[in-house]
Amino acid sequence: MADLLKEPSGRFENFCRMSFKDFEKLLQKIEPVISKKDTRWRKAIPGKERLTLRFLASGDSFKSLHYLFKISAQLISSIVPEVCSALIKVLSNVIQIPSNESEWKNIAKQFENIWNFPHCIGSMDGKHITIQAPINSGSEFYNYKQYFSVVSMALVDADYNFIFADCGCQGRLSDGAVFRNTELFKKIENNGLHCPSDEPLPGRNIPIPYLFVGDDAFGLCKQIMKPYPGLHEKGSKERTFNYRLSRARRVVENVFGIMASTFRVLRKPMLLQPEKVLLIVMTCVLLHNFLRKSRSSRSNYSPPGTFDSEEDGNITPGAWRQNQDNMSSLLPLRNIPRKPSMEARTIRNELAEYFMSNGRVSWQDIYC
């Protein structure tokens, strides 16, 4: 690590998954928090020798990092959560949920321009993160797939940035209950998001809300659209709607994919207690936004070809999909059938009709 710091290069970026400039920027912010004073017994570990970024980037065990950094595994186990806590504190402002109608409409405009889905203000998903059985936890973290986990919920914009993240629900909760326990759901229920008022789609008469898109793990409701269940005839409005929704929802799938591809700690079960796992996951989420918005690190973190790309409906898989071997930690939520309200079904039908008329795109018939 010392050699890498002396000679910033591509080696450093591969080692820590960020530019040396951004490393220095973060270090300057957190060094006063994480630097310890020397004692008569041992010299404090310098801030620059902190290995947390390497742990996040590689997913190596504390024992392996001990041989690399010449620091005891026991000390590493206290360094990692300490540095993660400091990073969360200094990076907390890189995730900002919109606070007014204008900001939500900017996101909706992005989704419509890039992904051809109107009134969409976010793509949502959740993942089970595999952990070791916590001490004295019983079945609290034991999930439906018969392993222990915590759950991360996320909402992203059309440009692959998190606008909301919630980490911490126990795996034993039903996947529907996980979302209902988030601050986002509570704000949706209480109209606390300051979303724009319902408006008709262009050329249509029925006002529909600004909404989020998700998969079958979420219940269909006024504010959340999910696919029509089952198989549908080619060219049908149901199949067309499902195709158009999948394009908008693919954004969040790509975000989790690139994050796990870069921060390999997310690629395998974490042999840590839940509170440390939550710090690690939230740190990765914040670093994702930080690096995506950085001029010096963005091209290294997500170079052209990283995400799925599309031209006239033809999808080219992103580079992150080639690195999914042995992915055993980030696992999907369970699909749970629920009976939607008539209002929710009316909104979905209105969108489906729009995609077959005023909202049609020239190439959709090839894929629908």
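No lab work stands behind these numbers, since they all come straight from the coordinates. Quick caveat, the model's predicted, so the values are computed rather than measured. Positions of Cβ are backbone-derived with ideal geometry, glycine not excepted, and every protein chain shown enters the neighbour counts.
What to note about this one:
- Mean projection of the Cα convex hull over all viewing directions, computed for the chain: 20.1 nm².
- Highest-fluctuation residue, M18, M342, M124 considered, GNM on the chain with Cα pairs under 10 Å: M342
- Each Cα pair under 8 Å and six or more residues apart adds its sequence gap; the mean of these over the residue count of the stretch 306-368 is a relative contact order of 27 percent.
- Under-5 Å amide H pairs with L272, H placed in peptide plane, nonlocal only: Q132
- With helices as the sole contributors, the chain gives -13000 deg cm²/dmol at 222 nm; each DSSP H run of n ≥ 4 counts as -39500 (n - 2.57), and the sum is divided by every residue.
- For the chain, the longest principal axis of the C-alpha atoms and the axis of helix 237-262 are separated by about 10°.
- Cα gyration tensor category, rounded, prolate or oblate, for the stretch 266-368 with a/c compared to 1.5: oblate
- Database remark: amide H of F164 closer than 5 angstrom to the amide H of L155 (H placed geometrically; neighbours at sequence offset of 5 or more, or on other chains; Pro and chain starts carry no H).
- Helix 73-91 axis, angle to the chain major axis (alpha carbon atoms, nearest 10°): 50
- For the stretch 200-266, GluC sites (Glu not before Pro) are listed when DSSP marks them as loop and at most 10 other Cβ atoms sit within 10 Å of their Cβ; the list is E233.
- Loop-resident sites, the stretch 256-326, for trypsin sites (Lys or Arg not before Pro), counting at most 14 other Cβ within 10 Å (DSSP): K293, R295
- Computed from Cα positions, the angle between helix 342-355 and the longest principal axis of the chain comes to roughly 80 degrees.
- Selected from K226, K29, K339 as most flexible by GNM, with the chain as the system and alpha-carbon contacts under 10 Å: K339
- Amide H contacts for I208 (H built 1.01 Å from N in the peptide plane; partners 5 or more residues away or on another chain; cut-off under 5 Å): E199, L201.
- In terms of its alpha-carbon gyration tensor, the stretch 200-254 comes out oblate; a/c meets the 1.5 threshold, while b/c is at least as large as a/b.
- The chain, relative contact order in percent, only Cα pairs under 8 angstrom and at least six apart counted: 20
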